[in-house]
Amino acid sequence: MRRLVRIVSGATGILAALLSAAALACDGRNVLADRPATYLAKLDAAANEVPYPEGRYFEVQRGGAKSVLFGTMHLPDPEVARVPPALLPRLLGARMVFVEITADAEAHARRMFLGRPSLLRNENGRRISDMASEAEMAALDDVLDPHGLERAVFDRLEPWFLNLLAAVPPCGGAETVVLDRRIEHLARAGGVPVQGLEAPEDVLFALKAGTYEEQLETLLMGLPMVESAADSLAVTRKLYLEGDIFKIWVFGQMEAERVHEEAAEAVFARTYEHLVTERNERWMERLLPALREGGAVVAVGALHLGGPSGLLPMLEAEGFEVRPLPE
């Protein structure tokens, strides 16, 4: 038990990447420069099929009530974590600011996991090795050992949690406050109320969505791509800073398809449903009253803005006019 508590303590920063906390940063390279023209053309075409594939900063208006939505990235990188100058006056003059999860709720999440490491164990006593081959278990050994997890421990843990660990390269680096936290801190310092759109339990529910078998399929699918995780992170950072937001999602799927051509599409569709669509639908229930009144700033992960289930097309369906704003 004590060993698992230590593991959870070291891993909460990775879990908190989806809770708007610190993720690990690495020196990867832009592998898009190595991809053939046909790959890049497919990437462009697929990204541009969805509503609002580009842009991080938008104004929404209905009946004279105006608010803004800004897409963040939960990455502790100094350039990514910079608050755009154009957002600052809207932020400090806001009636209300919404973030995915507040700093207080994030701290509660850390305490919850540190106090209840059993949350990460499979409650039915299932083992990864019951379904994974010995070759896949050996690959998991290689991937999880740098995170301090031995087979005897990780074999009993939830696949969704191991997937978070495997997706983030353990290369360390100087921590920087993520953009979501900077926005929250600035708002509170200016006397602007801040509300979270989710509780830690909501995020945990989203991460745990799907069956054990589906979670394990996602985990095992990602193993061949672990070695290139730093490069994928570098591409993600580049696309975010350039405002090519939905390309981030399409790039991830296309990289998976290079290894798992048939299964990748279904796995990514399922993940998008749980982590984007279902959460956006819940958020809309809280956001609509505030956006109808106006004066709100919504700062959430950029992939929640556009796309097939994005907040922007959902707001258009509710009668809001949407226009991109310069940063």
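The values are calculated or read from the model by the stated rules, or taken from the named source; none is laboratory data. The shown structure was predicted, so the numbers you read here are calculated from the model rather than taken from an experiment. Cβ coordinates were reconstructed from backbone atoms using ideal geometry, including for glycine residues, and neighbour counts include every protein chain displayed. Note: accessible area is taken over every heavy atom of the protein model, side chains too, but ligands, DNA and RNA are not part of it. Shrake-Rupley method; radii C 1.70, N 1.55, O 1.52, S 1.80 Å.
Is one or more of the residues making up region 261-268 of a type in the set (Val, Ile, Thr), part of a helix (DSSP H, G or I), at pLDDT below 90 and more than 15 Å from Val31 (Cβ to Cβ)? Yes, region 261-268 contains a residue that is of a type in the set (Val, Ile, Thr), part of a helix (DSSP H, G or I), at pLDDT below 90 and more than 15 Å from Val31 (Cβ to Cβ).
Within region 35-92, the residues that satisfy the criterion of being of a type in the set (Ser, Thr, Tyr) and at negative phi are Thr38, Tyr39, Tyr57, Ser67, Thr72. Screening the candidates Gly306, Gly319, Gly295 for the property of being touching a residue at least 40 places away in the same chain (Cβ under 8 Å) and under 17 Å from the mean Cα position of the chain (by Cα) yields one hit, Gly306.
Just one residue in the set Val168, Val153 is modelled with pLDDT under 80 and not charged (D, E, K, R); that residue is Val168.
Consider region 220-239 and keep the residues that are among the hydrophobic types (A, V, I, L, M, F, W, C) and at pLDDT 85 or above. The one that is most open to solvent (accessible area, probe 1.4 Å) is Ala234. Taken over region 174-206, the criterion of being closer than 23 Å to Asn163 by Cβ and open to solvent by 40 Å² or more (accessible area, probe 1.4 Å) is satisfied by Glu175, Glu201, Asp202, Phe205.
Just one of the listed residues (Ser129, Ser118) is surrounded by fewer than 18 Cβ atoms within 10 Å (Cβ to Cβ), at pLDDT 90 or above and part of a helix (DSSP H, G or I), namely Ser129. The criterion of being at negative phi, open to solvent by 10 Å² or more (accessible area, probe 1.4 Å), of a type in the set (Lys, Arg) and not in a helix (DSSP H, G or I) holds for Arg323. Answer yes or no as to whether His304 is open to solvent by less than 20 Å² (accessible area, probe 1.4 Å) and under 20 Å from Val203 (Cβ atoms). Here the answer is yes, as His304 does meet what is asked.
For region 258-281, a residue qualifies if it is surrounded by fewer than 15 Cβ atoms within 10 Å (Cβ to Cβ) and touching an Asp or Glu at 6+ places or on another chain (Cβ under 8 Å), and exactly one does: Glu265. Would you be able to say whether some residue in region 55-64 is open to solvent by 10 Å² or more (accessible area, probe 1.4 Å), aliphatic (A, V, I, L, M) and touching a helix residue (DSSP H, G or I) at 6+ places or on another chain (Cβ under 7 Å)? So far as region 55-64 goes, no, none of its residues is open to solvent by 10 Å² or more (accessible area, probe 1.4 Å), aliphatic (A, V, I, L, M) and touching a helix residue (DSSP H, G or I) at 6+ places or on another chain (Cβ under 7 Å). Listed conditions (1) modelled with pLDDT of 85 or more; (2) open to solvent by less than 80 Å² (accessible area, probe 1.4 Å); (3) touching a helix residue (DSSP H, G or I) at 6+ places or on another chain (Cβ under 8 Å) are all met by Val143, apart from (1).
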